[in-house]
Amino acid sequence: MTWREYHESTKHSVESLKRAQYVLDWANMPDPFRHYEGVPVLDLPADPQAPEMPALEVLQGASGTTPTADGPTFLSQLLFYSTAISASKRVPSTGYRYALRVNPSSGNLHPTEFHFRTRGLQGWPDGLYHYRPSAHMAEQRAFGDFDMKLADRVAPIVFVLTSIAWREAWKYRDRAYRYCLHDMGHAWQALALAARAIGCDSFAVGHFPDDEVAQLCRPNQDEWPMLIVTLHGSSIPVRENDANETVWFGGHANQLSKERIAYPLIDGIHTVTKLSNGEHGGISAGEPAPNGAGEIKLPSPA
């Protein structure tokens, strides 16, 4: 199938909708929450203080200052205002309740997962974590001085945002990859704006060897690393870093649905856009990085 044929086949029209006859399998809807079971789970303080900087000023480029005494409080505030559950809604006809999140998502399906590495945070152990938004907790997948290698080593916090394409493919089928990228932008900006509101600078990188990042973070096989975001700032409570040997806890990812349907076109799109060794048509790892080494910038506020 050529790109033109694919584009024409996915355009919305009365004829195409009649031709598709696609009905959502609600019994097989993917779980919007990923858990890694069998690992230490660290509490994040409840009801963190709201950033003092008004949202409109943050959107216009202003940076706030919301000092915190320790790492747990800082992480709680950052994650609560960037990707936590913000509200819930009930379906009147069935009584079914579903959650809404701070970062918006296509169809409220939330393909994006937040993994992060901490180093030298006050009162918080160094290691690799996965955020569990359903309980506002951090799952510790590894302990110790975890060297990301591909990111700024001195950054106290490094996020690796991953996508689970199946969450979107359940509804959008072959068109799901574009929604994953769309939602990745939402998640990245929610994180960047929350960080700016409490006085942190963020740096987003999309040019990295995908497989190497996946090997470092070891997400479940249905998650694809899509963006690396590092945070710096005087508002981050840091301590003298102690070098500790890395201990892996790993954990077992929950099964999101009873059946996962394969979409070869989505896998193919992702494969050819990966920064790899080039054997599948991706960008060669030996090629120089583009200007900015993969940094992503948005235009200045209007």
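The values are calculated or read from the model by the stated rules, or taken from the named source; none is laboratory data. Keep in mind that this is a model prediction, so the values were computed, not measured. Neighbour counts are summed over all protein chains in view; Cβ atoms, including those assigned to glycine, are modelled from backbone coordinates with ideal geometry.
At a glance:
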item: Test: residue in segment 238-259 that is of a type in the set (Lys, Arg) and modelled with pLDDT of 95 or more; result: yes
item: Qualifying residue in segment 100-122 (condition: of a type in the set (Gly, Ala, Ser), under 24 Å from Leu265 (Cα atoms), in contact with a helix residue (DSSP H, G or I) (Cβ under 6 Å, 6 or more places away or on another chain) and not in a loop (DSSP other than H, G, I, E, B)); result: yes
item: Residues satisfying the stated conditions in segment 68-99, i.e. more than 22 Å from Trp26 (Cβ to Cβ) and either of a type in the set (Asp, Glu) or in a loop (DSSP other than H, G, I, E, B) (or both); result: Thr68, Ala69, Asp70, Tyr81, Ser82, Thr83, Ala84
item: Unmet requirement for Tyr81, which otherwise passes all of (1) closer than 25 Å to Glu139 by Cβ; (2) more than 21 Å from the chain's Cα centre (by Cα); (3) among the aromatic types (Phe, Trp, Tyr); result: (2)
item: Odd one out for Val158, checked against (1) in contact with a Ser or Thr (Cβ under 6 Å, 6 or more places away or on another chain); (2) more than 30 Å from Met29 (Cβ to Cβ); (3) at pLDDT below 95; result: (3)
item: Top-ranked residue in segment 154-165 [being part of a strand (DSSP E or B) and within 13 Å of His110 (Cβ to Cβ); ranked as nearest to the chain's Cα centre (by Cα)]; result: Leu161
item: Pair list, Cβ < 8 Å and 6+ apart or interchain, from segment 256-267 residues that are farther than 14 Å from Glu223 by Cα to residues that are in a loop (DSSP other than H, G, I, E, B) and not aromatic (Phe, Trp, Tyr); result: Ser257/Met29; Ser257/Pro30; Ser257/Asp31; Leu265/Met1
item: Tally, over segment 78-114, of residues that are among the charged types (D, E, K, R) and surrounded by 22 or more Cβ atoms within 10 Å (Cβ to Cβ); result: 1
